[in-house]
Ligand SMILES: *[C@@H]1O[C@H](CO)[C@@H](O)[C@H](O)[C@H]1NC(C)=O
């Protein structure tokens, strides 16, 4: 299901194992909400802030600023003296769900890697990312964070898939895009800290990967999450359903992303099937 980088230090490996023991499904409270709280991926740096340090206090305050802001806006970023962070909710997510999603992402990270100097968590509808290296903010990042292709689809869906994917990658500009072509639906989202042109480039890269890696295999659905954007497609009428076969669950160690994070050693990629 997951593989562990061979050079991963034992402590990180242990952290990963502990994480994998955590319940993967969402809480009852989240299930009562209408939004999909599935975890797509999460990762964090090996470096941590010392307990009760000024940096740790900065991090706590950054995270609560992000959580509070998510009730008011689908995107925000904050920078303090020791840490910078952002969240991005899907463009079609109502703000109360955005706030709930960002809070859930913060909770995920605080159980996975409390006090990490840099971390990212992507739940299905929202991304949360922070680092004590503020240079990640505003910088494009097309490193692969997660990819999954669904089971094969009827070959008749190929043209629809192609049409939906080209609609997603067509115009630069909007940070959130959705597409519908025949029996296929698609969506793409950029993090709000990159510009329209960079967003266009990022989505084009995600769509190219979807086409090459999932489309080529005739998959009925596909998800590609890069550092600052994602693109997805799925069969009409199956929004929220998770492919259970032919899954490519991948743990990546992308040079770009990790350079950004300075000392990040591990990315935990967990695909969660909704029960
Ligand atoms: C981030 O914090 C860690 C842990 O305190 C430290 O080792 C690292 O040098 C910091 N990186 C930057 C860019 O400040």
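Values in this text are rule-based calculations from the coordinates and carry no lab data. Everything quoted here is computed from the prediction, not taken from an experiment. Here the Cβ is made from the backbone with ideal geometry for all residues, glycine too, and neighbour counts use every protein chain on show.
Quick notes on this structure:
- Calculated diffusion of region 144-235, Stokes-Einstein form, Kirkwood radius summed over Cα pairs, 25 °C and 0.890 mPa s, µm²/s: 195
- Burial order of peptide ranges 123-131, 182-190 (average beta-carbon count within 10 Å, highest first): 123-131, 182-190
- Computed from the C-beta positions of residue 81 and residue 197, the FRET efficiency with R₀ = 45 Å rounds to 0.90.
- Note on residue 163 and residue 54: the extension gain reaches 34.1 nm, defined as 0.36 nm multiplied by sequence separation minus the Cα-Cα distance.
- Annotation for region 188-211 versus region 95-129: alpha-carbon center distance of 21 Å.
- Efficiency of FRET from Cβ geometry, residue 208 and residue 68, R₀ 41 Å, rounded to 0.05: 0.65
- In terms of packing, defined here as the mean over residues of other Cβ atoms within 10 angstrom, the peptides 54-61, 137-144 line up highest first as 137-144, 54-61.
- Cβ-Cβ FRET estimate between residue 156 and residue 95, R0 fixed at 41 Å, reported to 0.05: 0.60
- The simple spin-label model puts a point 7 Å past each Cα toward its Cβ; for residue 174 and residue 61 those points are separated by 3.9 nm.
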